[in-house]
Structure formats: C-alpha cells, structure tokens
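The values are calculated or read from the model by the stated rules, or taken from the named source; none is laboratory data. Keep in mind the model is a prediction, meaning the values are calculated, not measured. Cβ: placed from backbone, ideal geometry, glycine included. Neighbour counts: every protein chain shown.
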C-alpha cells in the first residue's frame, strides 16, 4: 500500500462555483486533455487520502492553509483540508 494513502474516502467541497472568474480559469485549464486528466487524477488521489499526489504538494506562501497539488503537465489543484474532506478552491494550468 502507498505510504501516502489512508483508507478514508473524503468528500470534495467545491467552492469554485461561487466565483465566475475561478470557474472560467478552470474551464481554460481543462481545454488541454492531458491537464484535464491530471486534474481528475490529482483530485481522485486526494479523495482517497493521498497527501502527496502527482509531483508533490506544497503550501502556498503567504496564504494560510492553502495547498497546491501539482502534476508534470502543469495541472494545479488548490485546496484546503477540512477534517477528512477536501475543499476545492481553484484549478489552473501552469502553462
């Protein structure tokens, strides 16, 4: 079993839907099929308890409790933990 994964199944709480700008950025990022697949994969790994999916997770400097899950394709998922759940804040493409 992967050492970064636990057996809990978290919920994703989507807070992006409250911002038209963030939703627009997510749509732009998902136009690239590789990035879209990697975003889906990052979210799936986070939901299954992987604390370090993709090429790693890091805290955003200057922002309390916001984490960035990253993939080689440039896919980025910004979130914070709320108990076992994942609060989805934003999705972007580095490229």
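Among the residues of the range 33-55, what is the count of those that are more than 11 Å from the chain's Cα centre (by Cα) and at positive phi?
Number satisfying all stated conditions: 1.
Checking the conditions here, which among 26, 69 is closer than 14 Å to residue 93 by Cβ, within 12 Å of the chain's Cα centre (by Cα) and at pLDDT below 95?
After applying the criteria, what remains is 26.
One line per residue, one yes/no per condition, for (1) more than 19 Å from residue 28 (Cβ to Cβ); (2) surrounded by fewer than 19 Cβ atoms within 10 Å (Cβ to Cβ):
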| site | (1), (2) |
| --- | --- |
| 46 | yes, no |
| 60 | yes, yes |
| 73 | no, no |
| 88 | no, no |
